[in-house]
1. Please report the net charge: other residues with Cβ closer than 10 Å to the Cβ of R127, K and R +1, D and E -1.
2. Given the convex hull of the Cα atoms of the stretch 3-153, what is a quarter of its surface area in nm²?
3. How much length is gained if the chain between D21 and R57 is pulled fully straight, taking 0.36 nm per residue apart and subtracting their Cα-Cα distance, in nm to one decimal?
4. At 0.36 nm per residue, minus the direct Cα-Cα distance, what do T41 and R8 gain on full extension? Give it in nm, one decimal, please.
5. Using the basic label-point model (7 angstrom from Cα toward the beta carbon), what is the V95 to R127 distance in nanometres?
6. Using a 10 Å cut-off around each Cβ, can you sort T2, T118, T108 from fewest to most neighbouring Cβ atoms?
7. Counting alpha carbon pairs within less than 8 Å and at least 6 residues apart, what relative contact order, in whole percent, applies to the stretch 3-153?
8. Between A83 and A116, what is the FRET efficiency for a Förster distance of 35 Å, r being their Cβ-Cβ separation, to the nearest 0.05?
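The numbers here are math on the coordinates, done by the rules we state, and not lab data. Values in this document were obtained by computation on a predicted structure and should not be read as measured data. Counting neighbours? That spans all protein chains shown, and the Cβs are built from the backbone with ideal geometry, glycine included.
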Amino acid sequence: MTDDQTMRVSEDQRLLKASLDLVAPVADELIASFYDRLFSTHPEVRGMFPAVLDPQRDRLLKAIIGLVTHYDRPQHLLPAFAALGRRHQRYGVRVEHYAAVGAVLLGTLAEYAGEAWTPRFQGAWIRAYTFAAGSMMQAGAVADEEDDEQRLAA
Ligand code: HEM
């Protein structure tokens, strides 16, 4: 990374941590609200998830905390997000779903942070989500091609 990129990333990491601190007291409610919104605005994705979501909520939160914690070391995050993206491909998650989840996630964060939410938080989350979702989609696309090749070879 260039010096400018390193500064951008550490400023973003500071903003991401600060915004998570803001919503930490209402984290459970925020995650429940995120899924409610996702399923009411995009009912077509409900069937991909298990009927009972509780363990799921916990894993999503852990993935977000992992992203923020290691944000300054993308080389450590990439393999984990690539593997996550390959698993998501198998869950049936497609490119258009990533945009939907990103919009719902940012909307929910903004609502729970309330007046403390600023365009700088918004920008940092857009970049972080784009990084995570981009790594996942890329790995998912490769996994898809490999599956196709195996089908052709079979
Ligand atoms: C940056 C974006 C995302 C992150 C960080 C994320 C994170 C996670 C994590 C950590 C899990 C736990 C299981 C595992 O590790 O494989 C999971 C499962 C899952 N996610 Fe995501 N996810 C993201 C985007 C999406 C999108 C866009 C969808 C589509 C609606 C989605 C649907 C699912 C489903 C269906 C499961 C599996 C549920 C199950 O069968 O247990 N995720 N996700």
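1. Values: positive: R8; negative: D12.
Combined, the nearby Lys, Arg, Asp and Glu give 0.
2. On the way: hull surface 40.0 nm².
About 10.0 nm², averaged over all directions.
3. Numbers: separation 36, 0.36 × 36 = 12.96 nm, distance 1.80 nm.
Stretched fully, the D21-R57 segment lengthens by 11.2 nm.
4. Details: separation 33, 0.36 × 33 = 11.88 nm, distance 3.30 nm.
The span from T41 to R8 would gain 8.6 nm if fully extended.
5. 2.5
6. Values: T2 7, T118 14, T108 21.
Least crowded to most crowded, the residues run T2, T118, T108.
7. Numbers: 94 pairs, mean separation 56.6, N = 151.
This gives 37 percent for the stretch 3-153.
8. Working: r = 34 Å, r/R0 = 0.97.
Here the calculated transfer efficiency is 0.55.
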